[in-house]
1. Taking the options A:LEU382, A:LEU371, A:LEU429, A:LEU417, name whichever one is under 24 Å from A:LYS343 (Cβ atoms) and in contact with a His (Cβ under 9 Å, 6 or more places away or on another chain).
2. Say we look at region B:84-132 and pick out the residues that are away from chain A (no Cβ under 13 Å) and more than 24 Å from B:LEU55 (Cα to Cα); which of these is surrounded by the most Cβ atoms within 10 Å (Cβ to Cβ)?
3. Would you point out which residue out of B:ALA56, B:ALA48 is without any contact (Cβ under 8 Å) to a residue 40 or more places away in the chain and under 16 Å from the mean Cα position of the chain (by Cα)?
4. Of a type in the set (S, T, N, Q) and under 21 Å from the mean Cα position of the chain (by Cα): does that describe A:GLN244?
5. Taking the stated definitions as given, is B:LEU52 away from every other protein chain (no Cβ under 14 Å), surrounded by fewer than 15 Cβ atoms within 10 Å (Cβ to Cβ) and at pLDDT 90 or above?
6. Can we say B:ALA112 is more than 22 Å from B:ALA26 (Cα to Cα), assigned to a helix (DSSP H, G or I), in contact (Cβ under 8 Å) with a residue 40 or more places away in the chain and of a type in the set (A, V, I, L, M)?
7. Among the residues of region B:1-18, write down those that are in a helix (DSSP H, G or I) and not β-branched (Val, Ile, Thr).
Amino acid sequence: MFSTDHKVIGKQYIGLALFSVFLGMLLSLVMRFHLVHPDTKVRLFQMLWPEGAPGGQMTPELYLSLMTMHGTIMVFFVLTTAPQSGFGNYFLPLQIGAHDMAFPVLNMLSFWTTALSLVTLLLAFLVEGGAPLSGWTAYPPLSGLGKITGPGQGLGQDLWILSIAMFCVASLMGAINIIVTVIELRAPGMGYFDMPLTCWGWFVTALISLFAFAVLLPGGVLLLLDRVAGTSFFIPGGLIVNDQVQGRSGGSPLLFQHLFWFFGHPEVYIAILPGMGVISTVLSVFSGKKVFGYKAMAVAMLAIGGLGFVVWGHHMFISGMSPYSSIAFSVLTMAVGVPSAVKTFNWLATLWGGRLRFTAAMHYALGFVSLFITGGITGLVLGQPGLDIYFHDTYFVVAHFHLIMGVAAVFAIWAALHYWFPKMYGRFLNERLGKIHFFLTFVGVYAVFVPLHFAGFVGNPRRYPDFKEYEFLKSVTGLHMGVTHAAYFLAAVQLIFLFNYFWSQRRGAVAPGNPWGATTREWTDD
Amino acid sequence: MTNVARTGQTLLVVASSMLFAAVTSAMVVRRGIGGDWVAPELPAWVWATAVLGPLASWLILRGWVRGAVIAGGLLVGLQVLVLAELRMAVIGEAFLSVLVAAHAIHAAAGVAALARWGERAGLFWHFVGALWIYVLFLFGVWA
């Protein structure tokens, strides 16, 4: 249980992410149900959340708390853990010829700190007032004043901040471990540009984590002090909440946004860069060709990682910003499109003229490329201040980030699982079930998220618990009904994956040592 | 010191520097826009603690790690005394509290590392000593 073996820890991270992703998905289903049936009383809701759903009628506060927990669980405990800490731990040492990670005990501590962080977060459901309402971004003043701002804003929000602070520490420890392993433990003669692109993905992601989480951590501490120690880092003077003057002076909510998004935007790349590495490998192996433009791919990852730290302002165009700053952030945001396009071009060029083998892993990899393009294009739309001012906080943004950051990254996880399952368990994941799951999921995710762009065009705000009071949203009622049913379908389809994952561990076809004919070291190394 | 230990400590220094840079930049912004900034006044003896970091570093280089642990432990203890005097409701003192507490955690970790690994943990301690001088400079000269 407290193993220091990198393979065990890798599997532990993947297990934690698997639990988290299904929990996060269930929360989203409850939210989607409520959006289209806002007046329906559900006995189960009352059993689960007696305060949040009296008589089975979900309150707006409960909806917001579910949204907060869905976002937090998915961003931190799924997208940050599985691609980087899960697969990175398992395969990085094997691929560079290292015996283990550089600091095995620190590695074990990283995982258990992450696990403790998840438990702390989930405890927020159980305490008085329930889970916090302020979203995964936890903007003050809502998040900084305590329970006067809402039922979940008392102990629930405290636990949320503590959980994220612990997660920061765990991620910093993990990042240091990965970077040192890459720098110091590569096999003799293996240069940086001899590493597989998967290793580049983990390496660059660890570099990003090192700088990003070191900023989120103090941001969280300052926020916690505003709540418990009466400081005014982020709480402005003269603020009146529920007819009570808050007695603070001079704090700036915008300051928190700067600290948060300095972490928050690189976090997007923390989620997606390891996936980019995996996809490069999978496309290459199943095309029977080397990755096209290997060095450009590695440099593009570095460029994406570097640019990620100078674009945070595009999350704040509407928060109050000089137009000159907006232009600077906008131009830099557009610049991210260049290395992203390099990668996309090179993936397609890797496929070009190859002898393609359409395995399940290859399907997911192609699905990733599709989702990356679809979700990435709307990033260029949102990166322009003029358009963002209209689209800000609408479902257009929800659709954008779910496709690029959420679904694309999860498709990369599925590609990685199908590809590396034989190494991890000595058996194949069932190919037929994998392909069925892929096609149904691929249709499902587009059915959920493409319509949400149109809701955004209409100006449909996100984070609203229901739309029944708004005349201008009557036109999207049917659209939301369709999206909710697509979400039910998508969730049901995941049972195929779940069955395949557990069944194949025991009953899957036994795999030979290097089943895909790959050229990387993990298939020959124990 | 092995390459792994040196690189690991260097990265820890990078992460810690980033953390202190984040708080510093937050302080610069908050000081400029709040309209309620009052520079915290520190007792004169606090400035004398600036020598404890370099003293411990010198002792490490001389091979007397136990002396460095004592000097480092003294620094942590004095930092706790400083913290007890600060008022969180005054924004300048609140920032100072955060930086002193963050430094005290680093210093305590540095002392524990010296006690556990001896001179091999010296690199991190040298950073911790310099970082304390930076914190004092920030409040003594700039803030």
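The values are calculated or read from the model by the stated rules, or taken from the named source; none is laboratory data. A quick note: this is a predicted structure, and the numbers were derived from the prediction, not measured. Ideal geometry is used to build each Cβ from the backbone, glycine not excepted, and the neighbour counts take in all protein chains shown.
1. A:LEU382
2. Once the filter is applied, the top-ranked residue is B:GLU85.
3. Unique residue meeting the criteria: B:ALA48.
4. Answer is no for this residue.
5. Judged against the criteria, B:LEU52 is not a match.
6. Considered against the rule, which asks whether it is more than 22 Å from B:ALA26 (Cα to Cα), assigned to a helix (DSSP H, G or I), in contact (Cβ under 8 Å) with a residue 40 or more places away in the chain and of a type in the set (A, V, I, L, M), B:ALA112 comes out as no.
7. Within region B:1-18, B:ASN3, B:ALA5, B:ARG6, B:GLY8, B:GLN9, B:LEU11, B:LEU12, B:ALA15, B:SER16, B:SER17, B:MET18 qualify.
Here's the yes/no breakdown for (1) of a type outside the set (A, V, I, L, M, F, W, C); (2) surrounded by fewer than 18 Cβ atoms within 10 Å (Cβ to Cβ); (3) over 29 Å from A:LEU403 (Cα atoms):
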{"position": "A:SER85", "(1), (2), (3)": "yes, no, no"}
{"position": "A:GLY88", "(1), (2), (3)": "yes, no, no"}
{"position": "A:PHE91", "(1), (2), (3)": "no, no, no"}
{"position": "A:ALA98", "(1), (2), (3)": "no, no, yes"}
{"position": "A:PHE103", "(1), (2), (3)": "no, no, yes"}
{"position": "A:MET108", "(1), (2), (3)": "no, no, yes"}
{"position": "A:PHE111", "(1), (2), (3)": "no, no, no"}
{"position": "A:THR114", "(1), (2), (3)": "yes, no, no"}
{"position": "A:THR120", "(1), (2), (3)": "yes, no, no"}
